[in-house]
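The values are calculated or read from the model by the stated rules, or taken from the named source; none is laboratory data. Please read all numbers here as calculations on a predicted model, not as lab measurements. Virtual Cβ from ideal backbone geometry, glycine too; neighbours counted across all protein chains shown. Remember, those area values only see protein heavy atoms, side chains included, never the ligands or the DNA or RNA. Shrake-Rupley method; radii C 1.70, N 1.55, O 1.52, S 1.80 Å.
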Amino acid sequence: MLKHLRMKSATEFIGRLSPATRLLLCLWLLFLLLVACGIHGSSIGWSAQYWTPGQPYSGYLFGIPKSFEKNMSPDEVERARELLMAKSRWIRGDEIMVATPYALSQLSHNPPFPVVNTNIGTGQNMLIPVQEEFPVLHVTALARPATWGYFFLGPQRGLAWYWWFQVFSCFTCLYLLLVVILRGHKGLAAFGAFWFCASAYIVGWSVWPTHVTFFAALVCVSLYYLLASEKRSTQVICAILSGLGTAGFFMILYPPWQVSLGYLFFFLFLGLFIRDRLYLSFKSISRHRLLCITGACLLAAGLIASFVIACLPAFRIMAGTVYPGNRVSLGGDYTFALLFKGMYNLITLYDAPPAFLANESEAASFYHLFPAVILGILLSKQLLVKMGVFGWLLLFNLLVMLYFMLVGFPERLAKLTLLRYAVPHRMDLAVGAASIILCIYVLALISEKAGTATGWWDKLRPVVVGLIITVFFILHGLATVRASGTEGPTVQWILISSLVAGFVSFSLISGRKEIFCGVMGVVVVATGALFNPLSTNLSHIYRSELAQQVIRLNKQSPTRPLWLCYGNIQPDILINALGGRALAGTHWPPQLSLWEKFDSQGVNKNAYNGLAQIALVYDGEASQVTFKSPGEDGVPVLLVRISPNNPILKSLGARYVLAFDDHQQNLAPAALNPIYKSPTGKFSIFEIPQR
């Protein structure tokens, strides 16, 4: 009886919730389930082929069942494993070999979660993100909720928390903001948020773009309700969230995304501020609302100040770096073909043509349908009027961004607007968000009047728009072929994508929101759903043969030994993830004081004064220390030619050498003491003679 009453009470409680609340409740319950199961979409499993040679990664959620392997030949098993390895998207090297292992290194550091991780070179400030944020036990962690899971859930579930929090929080804030923008069209708001979060650009960059977008959307929607709501509790909550969001947005430290997104959400808020007459709240502002606004400003300022103080020495170094400290742009170097490259993401996201696009991540973009909206506005006087101040401000922002990308600004204007830091090929994020919001906004406007238009032009207009957009994207496809040569999209793909674009444009301008959302939803899911793998463990990092030896040697050493790694891809970062000290790796900001020990005259400063993936090379005992930055495939790789017996290295505590493949034999002149050799022959560990 009591159980029945409890179930009835719970059912009644859920029934009283609004559809929007139930949607978000189900969403976050799914988030908790994924975190509890330790499921994430990180491509870290790809590193197994380098860090655990001969032991394929076994943590994919959809792997090869053991019962299947029994009925497969060795060649078939190997091919199947290669396909699974391809799922982990090796192109996400910055996430696999830098961001995720460095986040894990914070857990294994002693003490854990330091501001300065002393295991990376001679010490690296971990408040400064390298693509992603790291868990740091600092007051600024209040504005870094994506990292909270690492503090109390451990590495596996902490990574799952980080991965999914970015997407789920971004969807939530965009949904709440779009509900306001669309005046209650909650179904369209949910689809718009989904369209953005599931787009190829998001999945192609390890969902990091959702992180910065989350903060911008959080600030925008919080400020809106801080001014619009009369409930004191709402004002207090929104003040806290806007303060945290402002600080979080500032601490991302990636200007190409921050500047362009900052402008977009500024114009979104300005449009809502004017449209919904939020300025009236200032005419008779209450003391409570004023205190909340003041508190939000103080909270943001306090967190930002503590962040700047902790990072000031690093900021000074970053400002003087060759790359990316001095990476600025006046715009105008983006092409028409690149602008709509996302139309072919169904194929380029998995196999990008190198003659046209650097890699699959660079190929990732959005399905930009804003040309259909612009055309619809030009052909409809009614839509021209209904756009309102919000719609025109949004369109103005989009056109300005496009002008900067395709044409460029004068140097003074680019500097004044800060757009000189928003390099065009990274502004695609803001353009994609603006295009999606504009399309959903116009679809809501048109659908309100759908079925009421009786004039012949009202009925013909969507057909005209669909045909023109089809021709437009056919011409774009031809421009893409000219830019990429034989490796560009085929004629069949050009026709298919152009026809689909024409059809959804027709649906958009005719207000057929069910058809538009249905087709675009299928296209978006089909494009990016299989890009990031679903993984369930980190055993190849913590339980591998190599990991066991590194942990054993670190524990038995009386002091914290410094590891030198030769060969393979970023093995130094594996050492860091396991709690050991390593000389090389990826340093940001650059550790000038470290490399100046070997380059006292500063002759090679330009080589190491920037963001770089550092690798050690051995040329013999007699060779001098040299630096070379070849920048292979656009990656700033710094090669440091140095002997493990270098006296400066010994003074830094160098004790162990990890060598892979041919480097095991190449290091013979160094006369190192062998400690361990892998049965696979892939790696060996040596001790440096302390003479």
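Listed values, structure above:
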quantity	calculated
Segment 204-226 residues that are on the phi > 0 side of the Ramachandran plot and of a type in the set (A, V, I, L, M, F, W, C), paired with ones that are assigned to a helix (DSSP H, G or I) and modelled with pLDDT of 95 or more (beta carbon under 6 Å, 6 or more apart)	V207/Q166; V207/V167
Selected residue (only one of A453, A529, A483 is farther than 29 Å from H185 by Cα and modelled with pLDDT under 90)	A483
Residue within segment 359-370 that is in contact with a Cys (Cβ under 8 Å, 6 or more places away or on another chain), closer than 28 Å to L419 by Cα and modelled with pLDDT of 85 or more present	yes
Residue within segment 373-395 that is touching a residue at least 12 places away in the same chain (Cβ under 8 Å), touching a Ser or Thr at 6+ places or on another chain (Cβ under 6 Å), within 30 Å of A529 (Cα to Cα) and buried (at least 22 other Cβ atoms within 10 Å of the Cβ) present	no
Residue satisfying all of: in segment 347-379; among the aliphatic types (A, V, I, L, M) and in a loop (DSSP other than H, G, I, E, B); nearest to the chain's Cα centre (by Cα) among these	A364
Filter result for the condition that a residue is aliphatic (A, V, I, L, M), under 13 Å from L638 (Cβ atoms) and assigned to a helix (DSSP H, G or I), over L594, L574	L594
Condition broken by I614, with the remaining ones in (1) more than 27 Å from R552 (Cα to Cα); (2) part of a strand (DSSP E or B) satisfied	(1)
Residues located in segment 150-201, provided they are under 14 Å from the mean Cα position of the chain (by Cα) and either among the aromatic types (F, W, Y) or open to solvent by 10 Å² or more (accessible area, probe 1.4 Å) (or both)	Y162, W163, W164, F165, V167, F168, F196, C197, A198, Y201
Hits in segment 640-675 (condition: assigned to a strand (DSSP E or B) and either at pLDDT below 90 or loosely packed, with under 15 Cβ neighbours inside 10 Å (or both))	N673, P674, I675
Failed criterion for Y225 (all others in (1) touching a strand residue (DSSP E or B) at 6+ places or on another chain (Cβ under 9 Å); (2) surrounded by fewer than 24 Cβ atoms within 10 Å (Cβ to Cβ) hold)	(1)
Every residue from segment 532-548 that is of a type in the set (A, V, I, L, M) and at pLDDT 90 or above	L538, I541, L546, A547
Matching residues in segment 287-326 - criterion: being over 30 Å from S629 (Cα atoms), open to solvent by 50 Å² or more (accessible area, probe 1.4 Å) and either free of Cβ contacts under 8 Å to residues at least 60 places away in the same chain or among the β-branched types (V, I, T) (or both)	R287, L290, L291, T294, C297, L298, A301, I309
Selection within segment 407-416 - in contact (Cβ under 8 Å) with a residue 12 or more places away in the chain and surrounded by 14 or more Cβ atoms within 10 Å (Cβ to Cβ)	G408, F409, A414
Pairs, first acidic (D, E) in segment 619-639, second at pLDDT 75 or above and open to solvent by less than 40 Å² (accessible area, probe 1.4 Å), C-beta under 6 Å, six or more apart	E621/S643
Residues located in segment 460-505, provided they are open to solvent by 40 Å² or more (accessible area, probe 1.4 Å) and among the small types (G, A, S)	A483
Residue ID - surrounded by the most Cβ atoms within 10 Å (Cβ to Cβ), chosen from residues in segment 677-691 that are touching a strand residue (DSSP E or B) at 6+ places or on another chain (Cβ under 8 Å) and farther than 24 Å from I120 by Cβ	K682
Matching entry among L346, L339 (being open to solvent by less than 40 Å² (accessible area, probe 1.4 Å) and among the hydrophobic types (A, V, I, L, M, F, W, C))	L339
Entirely in segment 240-346, the helices (runs of 4 or more DSSP H) that have 1 or more residues that are more than 30 Å from H368 (Cβ to Cβ) and of a type in the set (S, T, N, Q)	287-319
Residue check, T210 within 22 Å of the chain's Cα centre (by Cα), of a type in the set (S, T, N, Q), within 20 Å of G521 (Cα to Cα) and surrounded by fewer than 24 Cβ atoms within 10 Å (Cβ to Cβ)	no
Any pair with Cβ under 8 angstrom, 6 or more apart, that starts in segment 258-286 at a residue that is modelled with pLDDT of 95 or more and ends at one that is in a helix (DSSP H, G or I) and polar (S, T, N, Q)	L261/T213; Y263/N397; L264/N397; F267/N397
Subset of segment 538-562 (residues that are part of a loop (DSSP other than H, G, I, E, B) and farther than 11 Å from A577 by Cβ)	R543, S544, S557, P558, T559, R560, P561
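Residue by residue, here is whether (1) in contact with a Lys or Arg (Cβ under 8 Å, 6 or more places away or on another chain); (2) surrounded by fewer than 22 Cβ atoms within 10 Å (Cβ to Cβ); (3) not hydrophobic (A, V, I, L, M, F, W, C) holds:
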site	(1), (2), (3)
A99	no, no, no
Y102	no, no, yes
S105	no, no, yes
P112	no, yes, yes
N119	yes, no, yes
Q124	no, no, yes
P129	no, yes, yes
V139	no, yes, no
R144	no, no, yes
